[in-house]
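The values are calculated or read from the model by the stated rules, or taken from the named source; none is laboratory data. The structure displayed is predicted, hence computed values, not measured ones. Here the Cβ positions follow ideal geometry from the backbone for every residue, glycine too, while neighbour counts run over all protein chains shown. All accessible areas refer to the heavy atoms of the entire protein, side chains included, with ligands and DNA or RNA removed. Shrake-Rupley method; radii C 1.70, N 1.55, O 1.52, S 1.80 Å.
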Amino acid sequence: MRKILFILTLLLSGLTTLGQTKHGYIDYDKVVQTLPEYAAELKHLETKNRQLQDSLNAMMTEYQDYLQNGIPHNVELDSTDKVSLENRIRNMGKKIQDFQQNAQVEINKDQKLVETKLKDLITKELEQYCLDKDIDCVVDKKAILHCSNCTDYTDDFVNYLNKRK
């Protein structure tokens, strides 16, 4: 009888141990910021943003110079000259406004491409990390509403990434 109880206890404890899963989370933002690709892409975005801002500043300077110096102050303008002048000013303002909108669209598009590229990289590496460490489930820390006995794999995953590079 003791042998049967021992075997049953062993079987039950073995089944619960086998049924356990390894799950946890990573701090995605922290992981992204440790990637060398993140620093390179951030530098690229900052450079592009600076170039667009310089172009915008040049256009604004030209516009302001024209308003200050391009309009004759002591000269009487006939109606066609006045309309022509107003159209030029309006066109310059529209050109600046269009440039700002297009620049913002371009920056947003580039940021989304960078985010997608980094997310794909992390996803690929995280899949391999989970296979290597026999982990069943890893989610982003921000996505967790409740999790008991979850493990924070962030630092271990960052170390894993650093060793693979």
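Whole-Hz ³J(HN,Hα) for each residue in segment 114-120, computed from phi via Karplus 6.51 cos²θ - 1.76 cosθ + 1.60 with θ = phi - 60°, x for glycine and proline: what do you get?
Along segment 114-120, the couplings run 5, 4, 5, 4, 5, 5, 5 Hz.
Let me spell out the model: positive unit charges on the Cβ of Lys and Arg, negative unit charges on the Cβ of Asp and Glu, origin at the Cα centre of segment 23-165. What dipole size does that give, in debye rounded to 20?
Around 120 debye, computed over segment 23-165.
Before I look further, what does segment 92-165 give for accessible area per residue, probe 1.4 Å, in whole square angstrom?
72 Å²
If you roll a 1.4 Å probe over segment 85-165 with all protein chains in place, what percent of the accessible area is carbon or sulfur?
48 percent
Can you give the net charge of the other residues whose Cβ lies under 15 Å from the Cβ of R88, counting K and R as +1 and D and E as -1?
Net charge around R88: 0.
Is segment 73-165 best put as rounded, prolate or oblate by its Cα gyration tensor, with a ≥ b ≥ c the root eigenvalues, rounded for a/c under 1.5, and otherwise prolate when a/b is larger than b/c, oblate when not?
prolate
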